[in-house]
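One structure is given below, encoded as structure tokens.
The values are calculated or read from the model by the stated rules, or taken from the named source; none is laboratory data. None of these values were measured; they are calculated from a predicted model. Using ideal geometry, Cβ is built from the backbone for each residue, glycine included, and neighbour counts are taken over all protein chains shown. Calculation scope for accessible area: heavy atoms of the full protein, side chains included, ligands and nucleic acids excluded. Shrake-Rupley method; radii C 1.70, N 1.55, O 1.52, S 1.80 Å.
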Amino acid sequence: MSGAEELLRSKGLRVTRPRLAVLDVLDGGGHLEVDEITRRVRERLDSVSTQAVYDVLGALSRAGLSRRIEPAGSPARYEARVGDNHHHVVCRGCGEIADIDCAVGSAPCLEPSVSHGFEVDEAEVTFWGLCPGCRARRSADVRPPDVRPADVRPADV
Ligand SMILES: [Zn+2]
Ligand SMILES: [Zn+2]
Ligand SMILES: [Zn+2]
């Protein structure tokens, strides 16, 4: 039994090929949009619908095997790094996301100045700024390209 199979079973989830494929994709690291996850899953499995990938991501997130983040103005992204209460820095220019370790390590890592009687269990911290690429473009006064060329290979043009 692979580690991924064990992981699914330990959370009471049935082991299916789409679930294994999505876990494998997330395991590669990063903060991936559903479209990107679907594309990579299809490199591993013949036919998987986008809806099936959404369903798998929902099940994995509810089981605590993946984490869903949704910075304002950007589509939801998923990652395999869970359980460490890490935070994110998001680029205002291109939407790139990087991990930032939580200095405290467990939620909530910030105490509210006033709790209004709430039992606070999490502080959702998102840092915003400009990534190195966008800073370089800004200082060169060049606008970022409107189309991200990542999916266009020379042979496709
Ligand atoms: Zn950027
Ligand atoms: Zn992250
Ligand atoms: Zn923190």
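Taking every residue in segment 7-20 that is more than 13 Å from Val41 (Cα to Cα) and pairing it with any residue that is modelled with pLDDT under 95 and of a type in the set (A, V, I, L, M, F, W, C), at least 6 positions away or on another chain, the pairs with Cβ-Cβ distances below 8 Å are Arg9/Met1. Residue check: is Arg42 without any contact (Cβ under 8 Å) to a residue 12 or more places away in the chain and more than 16 Å from ligand 3 (Cβ to nearest atom)? Judged against the criteria, Arg42 is a match.
Please go through segment 82-97 and pick out each residue that is on the phi < 0 side of the Ramachandran plot, within 16 Å of ligand 3 (Cβ to nearest atom) and exposed (fewer than 14 other Cβ atoms within 10 Å of the Cβ). Result: Asp84, single match. Look at segment 22-48 and say how many of its residues are open to solvent by less than 50 Å² (accessible area, probe 1.4 Å), of a type outside the set (Ser, Thr, Tyr) and in a helix (DSSP H, G or I). Total satisfying the criteria: 8. Looking only at residues of segment 9-21 that are surrounded by 11 or more Cβ atoms within 10 Å (Cβ to Cβ) and more than 21 Å from Thr50 (Cβ to Cβ), we find that the one that is nearest to the chain's Cα centre (by Cα) is Lys11. In segment 62-76, of all residues being open to solvent by 30 Å² or more (accessible area, probe 1.4 Å) and not in a loop (DSSP other than H, G, I, E, B), the one that is farthest from Ala4 (Cα to Cα) corresponds to Arg68. Just one residue in the set Arg44, Arg92, Arg77, Arg62 is of a type outside the set (A, V, I, L, M, F, W, C) and in contact with a Phe, Trp or Tyr (Cβ under 8 Å, 6 or more places away or on another chain); that residue is Arg92. A Cβ distance below 7 Å, combined with a sequence gap of six or more or placement on separate chains, defines the contacts here; from segment 66-87, residues that are free of Cβ contacts under 8 Å to residues at least 60 places away in the same chain reach residues that are part of a loop (DSSP other than H, G, I, E, B) and open to solvent by 60 Å² or more (accessible area, probe 1.4 Å) in the pairs Arg67/Arg81; Ala76/Glu70; Asn85/Ser106; His86/Asp101. Among the residues in segment 49-60, are any part of a loop (DSSP other than H, G, I, E, B) and either within 16 Å of ligand 3 (Cβ to nearest atom) or in contact (Cβ under 8 Å) with a residue 12 or more places away in the chain (or both)? Looking for residues that are part of a loop (DSSP other than H, G, I, E, B) and either within 16 Å of ligand 3 (Cβ to nearest atom) or in contact (Cβ under 8 Å) with a residue 12 or more places away in the chain (or both), one finds none in segment 49-60, hence no.
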